Amino acid sequence: MTDQHRIVFTPSGKRGDFAEGTSVLEAARALGVDVDSVCGGRGICGRCQVLVAEGDFAKHGIQSTADHLTEWNSVEERYTSKRGALGEHRRLGCQAKLCGDVVIDVPPESQVHRQVVRKKAETRAITLEPVVRLYFVEVAEPDIDSPSSDYTRLVEALKTQWNIDASMPDLAVLRGLQKTLRKGEWKVTVAVRKGHDIVAIYPGLIETAYGVAVDVGSTTIAAHLSDLYNGETLASAGLMNPQIRFGEDLMSRVSYVMMNPGGEVEMTDAVRAALDDLVGEVVKEAGITREAIVEMTVVGNPIMHHLFLGLDPTELGGAPFALTLDKGQDVKAREVGVSIAPGAFVYLLPCIAGHVGADTAGVVLSEAPHLNDDVTLVVDVGTNAEIVLGNKKRLLACSSPTGPAFEGAQLSSGQRAAPGAIERVRIDHETLEPKFKIIGSDLWSNEEGFWEEAAKTGVNGICGSGIIEAIAEMYLAGVITQDGVIDGDLQARTPRIVGEGRTFTYVLNDGEPRITITQADVRAIQLGKAALYAGVKLLLDHYGVDHVDRITLAGAFGSHIDVKYAMVLGLIPDCDLTKVGSAGNAAGTGARIALLNETARGEIESVVGKIEKIETAMEPKFQAHFVSAMAIPNKVDVFSNLAQVVTLPPPKVHAEPAEGEGGRRRRRG
Ligand code: FES
């Protein structure tokens, strides 16, 4: 009997006894240790690199030394002469064979399922588990004496060399097969999806596959190109959603479809062309070909999701807001107008409800409230706010029609967040004089040099985060009452308050252009924030709690607003401010997670299936919550956490009615 030797793998701790001459890679395979390989042990991909740990390992009862592996061989020599030296103590796991007991360390870059570092400490790491993997094979050449097709011999090679059972061939992949085999001199790399679908075949050895994650927003579309083998983002690109020409907001786009027969086809073509253009941009930036992209994931709100798939979104325009499809969906990239590897798929994350889309599913996947004990509120603020509340026990979701005010639209001095827009505001409680900051400058408007800097962009208007701070500061300074009425009596104290008809206006910038906060602006923001808060309250009611432990603001708007001011305004409920944060583009991150980790797709599909959907339009209590939430921060709810860090003014009620008084429901859009 041949000698048996013990091998212990770290960090997994897996161990076993193997016959002399077993390669480290074979032992790893037998024990289920995560060691990568694209070339199948031929010593050409370098993916299987391992380190020998030397010393006395009493814990494992073995003495491990480098010479307990066979000597450095000619294959390793060839590899290093072509590709450069391996690190100290490193060997190719497929070449180094056991001749004694060893402890073998598998470095992260040799693990298939390594973790991808995420910037925020509190977010969970992404484990690499790409849905498409590469397999290098040597295919038998055709033989006149035993005729068989090139495809049959390719499938045989996959079976014998990798134990892969390939499924039915894809015609688009087959078309290039013969040329590729001959170009590669019968050595090819096969990209296989889910262990059976061949999505691409490349001549020779290809070591890395790429994927693109896309977030199709109603305003912008963003794409991120990732290396599926190390999780790195190699290129990103974004552009305005070309559907804007059919309507600024989602509902006007649905109206366009209703009014113009075939309008959905135009919009589908526009969004698909934009995605394909973005793919062109990211491959150019990364210096790779379109064919190297083997997988794509897409998130988007329900209307974008449907339009991208070529599904008519008309039903999403009115109650009961029925989706055509709510499950996660695989579709061939070429069927949706995206030109990448010939057999590649696009995976769309599931939609949650008629107004809560695959983008929110992406946010849930990224922020993982379903894995937490804390009752977490996740809000993505846009023209519709998508709201998710819950923890590992239950998750609930709804959307609430906040209107366009938070994006700076329909305000007297509103504008989108762009250079020159006021984004920060402070008001002196004594003098009622404001100071502000604009996007593009770090200086406050009362600091030296501000106006010289501002001359480059101009001071153009006020964006969503600016208006939230402005109104919250106006409230803290006593310029507006709890009911949101601009107090005209203060005209005696400051020229900043001017009368306009029956109401008053606060002048934020008395220059060119004059930037004001009118009573109607305050009302627009009150309506928006009340709609959002009422949605949150409905979810709290349904969950049966009266407070949240944690709040995450997702989306571009959420990452720019100061959470303290959002709370002063009563946009979000009271919470320990240290537990309130922003998640940036969490929907896009969710798409990236689904791109890099196949299990995450099953996870989000299962979580979405269990989310309880609340339709705000059908809830009788919505109106009562909405009316209470019109007050700043709220008529009935107490903000005790907030009161510890901010001095909230005593209630001051102004008798004078203001324009747009009262709580009215808004249409969605
Ligand atoms: S498995 Fe490819 S070099 Fe070892």
Open item on the list: Out of everything in region 97-111 that is within 14 Å of the ligand (Cβ to nearest atom) and assigned to a strand (DSSP E or B), what residue ends up being most open to solvent (accessible area, probe 1.4 Å)?
Closed with: 97
Open item on the list: Based on this model, can you work out whether residue 52 counts as within 19 Å of residue 207 (Cβ to Cβ) and either open to solvent by less than 20 Å² (accessible area, probe 1.4 Å) or free of Cβ contacts under 8 Å to residues at least 60 places away in the same chain (or both)?
Closed with: no
Task: Count - residues of region 437-455 that are open to solvent by less than 20 Å² (accessible area, probe 1.4 Å) and either out of contact with any Phe, Trp or Tyr (no Cβ under 7 Å at 6 or more places or on another chain) or of a type in the set (S, T, N, Q) (or both) - done: 4
TODO: Assess whether residue 135 counts as being within 14 Å of the ligand (Cβ to nearest atom) and either exposed (fewer than 13 other Cβ atoms within 10 Å of the Cβ) or in a strand (DSSP E or B) (or both).
DONE: yes
TODO: Answer with yes or no whether residue 568 is buried (at least 21 other Cβ atoms within 10 Å of the Cβ) and touching a residue at least 60 places away in the same chain (Cβ under 8 Å).
DONE: yes
- [ ] Being within 17 Å of residue 516 (Cβ to Cβ) and among the small types (Gly, Ala, Ser) is the filter here, so list the residues in region 385-433 that pass it.
- [x] 405, 408, 409, 412, 413, 414, 420, 421
Task: From the options 33, 8, residue that is β-branched (Val, Ile, Thr) and within 16 Å of the ligand (Cβ to nearest atom) - done: 33
- [ ] Please give the number of the condition residue 303 fails out of (1) in contact (Cβ under 8 Å) with a residue 40 or more places away in the chain; (2) more than 20 Å from the chain's Cα centre (by Cα).
- [x] (2)
- [ ] For region 73-91, name all the residues that are open to solvent by 50 Å² or more (accessible area, probe 1.4 Å), in contact (Cβ under 8 Å) with a residue 12 or more places away in the chain and more than 14 Å from the ligand (Cβ to nearest atom).
- [x] 89
TODO: Considering only region 459-573, give the helices (runs of 4 or more DSSP H) lying wholly within it that have at least 2 residues that are in contact with a strand residue (DSSP E or B) (Cβ under 6 Å, 6 or more places away or on another chain) and on the phi < 0 side of the Ramachandran plot.
DONE: 464-476, 519-543, 555-560
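In region 117-132, what residues are surrounded by fewer than 19 Cβ atoms within 10 Å (Cβ to Cβ) and either farther than 30 Å from residue 159 by Cβ or modelled with pLDDT of 95 or more (or both)?
117, 118, 119, 120, 121, 122, 123, 124, 125
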TODO: Determine which member of the set 150, 143 is over 25 Å from residue 330 (Cα atoms), at pLDDT below 95 and either away from the ligand (no atom under 16 Å from the Cβ) or aromatic (Phe, Trp, Tyr) (or both).
DONE: 143
Open item on the list: Looking at the structure I just gave you, is residue 213 small (Gly, Ala, Ser), open to solvent by 20 Å² or more (accessible area, probe 1.4 Å), within 28 Å of residue 381 (Cα to Cα) and under 23 Å from the mean Cα position of the chain (by Cα)?
Closed with: no
TODO: Considering (1) open to solvent by 10 Å² or more (accessible area, probe 1.4 Å); (2) on the phi > 0 side of the Ramachandran plot, say which one residue 205 fails and leave the rest.
DONE: (2)
Open item on the list: Exactly one of these conditions fails for residue 21: (1) on the phi > 0 side of the Ramachandran plot; (2) within 11 Å of the ligand (Cβ to nearest atom). Give me its number.
Closed with: (2)
Task: Selection status of residue 94, in contact (Cβ under 8 Å) with a residue 40 or more places away in the chain and open to solvent by 10 Å² or more (accessible area, probe 1.4 Å) - done: yes
Task: Matching residues in region 312-336 - criterion: being touching a residue at least 40 places away in the same chain (Cβ under 8 Å), open to solvent by 40 Å² or more (accessible area, probe 1.4 Å) and not in a helix (DSSP H, G or I) - done: 312, 319, 320, 326, 327
Open item on the list: So in region 36-66, with the set limited to residues that are of a type in the set (Val, Ile, Thr) and more than 16 Å from the ligand (Cβ to nearest atom), which one is modelled with the highest pLDDT?
Closed with: 65
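The values are calculated or read from the model by the stated rules, or taken from the named source; none is laboratory data. A quick note: this is a predicted structure, and the numbers were derived from the prediction, not measured. Reconstructed Cβ throughout: ideal geometry from the backbone, glycine too, with neighbour counts over all protein chains shown. The accessibility values were calculated without ligands, DNA or RNA, using every heavy atom of the protein model including side chains. Shrake-Rupley method; radii C 1.70, N 1.55, O 1.52, S 1.80 Å.
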